[in-house]
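Chemist: After the structure tokens below, expect a handful of questions from me.
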Amino acid sequence: MAIKRVKVEDLKEGMYVHDLNCGWLQHGFLRQQFLLKSTDQIAKMKKQGLDEIYIDTEKGGDVAGAPTQGEIDQAIAKQMKDTAAGGPALAPARVSQREESAAAKRIMGDAIGVVDGLLTDVRLGKQLDPAKAKPLVKAMHASVLRNPGALISLSRLKSADTYTFQHSVSICALLVSFCQSMGMDAATVEEAGLGGLLHDVGKMKVPNEILNKPGKLTDDEFTVMKSHASMSMDLLEGVPGVSRMVIQIAGEHHEKMAGGGYPRGIAGEQISQIGRMTAIVDVYDALTSNRVYHKAKEPSEVLKKLLEWSGSHLDGDLVQQYIRTLGIYPVGSLVRLSNDRLAVVVEQSEDLLRPTVRIVYDIGRKLKLQPRDVVLTPITEQIVDYEEPADWKLDPTLFL
């Protein structure tokens, strides 16, 4: 099998699509893999903002000089290593992950209730009151300062029926951490967090049968779904006291660096810095969550995809900063160690390739172990790679 990544503009009939390379998006195609039989299919990809996809040259036509999947994986692995060399972007935790975990769980529970109330008000046509959310954002910021990993690892836990609310809470937590890592002052960090909570308010104006549709969206439904970004801006612009930053977060998180995003199709520096940052956390959270149209991917795998999408979709410099904010192996990741043990990452350290891990499983003996923490160093066992928890029937969150 020869898998290559090609520009959508280089596609021709007779090529075989192996992967649409847009896992965060409801793309409107019935399948990820299919033979291109008409220029209409290519036009549809362009219309939906797809930039680069993967083709299988053994099942269809080729594009001379296009990079292979192996070459891309190699380049991204080097980028990850180079990014890790920059060290962590956040200050060390003030309290342990275990200590902060209980407080973080309470905050997340409170947050879902607050966001549920705010978004329900919008759905019912009532006036949005952002002041209700400000104490909550302040509590999230305080938790991130105590131990960033505790809140961020919890943000992956979502249920289908409350996904929209939980996604908004996750974007708040992730954005607060990201802004903190950028050295922003407390007021700005918390304003960005508020923007994260409210970034999808326009979805409350999208019909439920489209918002929660289990199958693929039709072209018309996809157009309606995309309208949520401009509706979010319109709703927030009508609320007294809502800052420009909050409106930018809502209106720009689906814009792309190369253009072709929505609602305005702006590009590069036309997108505010906070808009570019929110695009990164939005894609990250979407891909690390189970959705009706895709299975959640592991955080380390998603960080590699963020690097791959840098330039065309995401701001590459900000992606590297974001990776240094979360760590190469974010808290809650399941990793394989060089001594054939599985471990859950519980804390970042000064060396992003060597976090503190909780050893939980012996691969050779196929045996669950009494969890114990190890601070990885150059002379201890090393992380070989991340693992898919489902392959081992393990739930990393149970060990945090």
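Chemist: Would you list LYS46, LYS297 from the most to the least accessible area, probe 1.4 Å? Let's see the in-between values first.
Modeler: Details: LYS46 115, LYS297 70 Å².
So, going from the largest accessible area down, we get LYS46, LYS297.
Chemist: If you don't mind, another one. Computed FRET efficiency, Cβ-Cβ of ALA258 and ARG372, R0 41 Å: what is it to the nearest 0.05? Don't jump to the answer; show the numbers that get you there.
Modeler: Values: r = 47 Å, r/R0 = 1.15.
With R0 = 41 Å, the Cβ-Cβ based efficiency is 0.30.
Chemist: Follow-up question, since we're still on this one. Considering Cα pairs under 8 angstrom that are at least six residues apart, work out the relative contact order of the chain and quote it in whole percent. Walk me through the intermediate numbers first.
Modeler: Details: 711 pairs, mean separation 57.9, N = 400.
Contact order relative to length: 14 percent.
Chemist: Please give me the summed charge of the neighbours of ARG276: other residues whose Cβ is under 15 Å from its Cβ, Lys and Arg +1, Asp and Glu -1.
Modeler: Its environment carries a net charge of -4.
Chemist: Here is a follow-up. Label SER38 and LEU157 with points 7 Å out from Cα along Cα→Cβ: what is the distance between them in nm?
Modeler: 4.8 nm
Chemist: THR68 to ARG123: FRET efficiency via 1/(1 + (r/R0)^6), r the Cβ-Cβ distance, R0 45 Å, to the nearest 0.05? Numbers along the way, then the final one.
Modeler: Details: r = 47 Å, r/R0 = 1.05.
Computed FRET efficiency for THR68 and ARG123: 0.40.
Chemist: Same structure, new question: If r is the Cβ-Cβ distance from GLU209 to GLU269 and R0 is 45 Å, what FRET efficiency results, to the nearest 0.05? Could you put the intermediate results ahead of the total?
Modeler: Numbers: r = 38 Å, r/R0 = 0.85.
It comes to 0.70.
Chemist: Taking all protein chains together and a probe of 1.4 Å, list LYS7, LYS81 from the most accessible to the least accessible.
Modeler: Listed by decreasing accessible area, they come as LYS81, LYS7.
Chemist: Expressed in nm to one decimal, what extension gain is obtained for the pair ASP340 and ASP362 from 0.36 nm per residue of sequence separation less their Cα-Cα distance? Kindly include the intermediate steps, with their values, before the conclusion.
Modeler: Working: separation 22, 0.36 × 22 = 7.92 nm, distance 0.65 nm.
Once the chain is fully extended between ASP340 and ASP362, it gains 7.3 nm.
Chemist: Could I ask something else about it? For region 224-275, give the magnitude of the charge dipole about the Cα centre (Cβ charges: +1 Lys/Arg, -1 Asp/Glu; no others), in debye to the nearest 20. Could the numbers behind the result be given before it?
Modeler: Working: 4 positive and 5 negative charges, 19 e Å.
Computed charge dipole of region 224-275: roughly 100 debye.
Chemist: Sticking with this one: Quote the relative contact order of region 8-142 in percent (integer), defining contacts as alpha-carbon pairs under 8 Å separated by 6+ residues. Write down the numbers at each step before the final one.
Modeler: Numbers: 94 pairs, mean separation 28.4, N = 135.
It comes to 21 percent, rounded to a whole number.
Chemist: Just to be sure I understand, if you calculate volume of the Cα convex hull per residue in Å³ for this structure, which of (i) 298; (ii) 140; (iii) 208 do you get?
Modeler: Recomputing volume of the Cα convex hull per residue in Å³ here picks out (ii).
Chemist: Magnitude of the Cβ-charge dipole of region 20-178, K/R +1 and D/E -1, about the Cα centre, nearest 20 debye?
Modeler: Numbers: 20 positive and 16 negative charges, 125 e Å.
Rounded to the nearest 20 debye, it is 600 debye.
Chemist: If the chain between THR223 and GLU13 were fully stretched, how many nm would it gain, using 0.36 nm times the residue separation less the Cα-Cα distance? Display every interim value, and only then the final one.
Modeler: On the way: separation 210, 0.36 × 210 = 75.60 nm, distance 2.56 nm.
This chain segment gains 73.0 nm when fully extended.
Chemist: Another question, if that's okay. Once the piece of chain linking ASP391 and LYS132 is laid out straight, how much longer is it, given 0.36 nm per residue of separation minus the C-alpha distance between them? Could you put the intermediate results ahead of the total?
Modeler: Values: separation 259, 0.36 × 259 = 93.24 nm, distance 4.20 nm.
Full extension from ASP391 to LYS132 adds 89.0 nm.
The values are calculated or read from the model by the stated rules, or taken from the named source; none is laboratory data. Remember, it's a predicted structure, so these values are computed and weren't measured experimentally. Virtual Cβ from ideal backbone geometry, glycine too; neighbours counted across all protein chains shown. The area values use the complete protein model at the heavy-atom level, side chains included, leaving out ligands, DNA and RNA. Shrake-Rupley method; radii C 1.70, N 1.55, O 1.52, S 1.80 Å.
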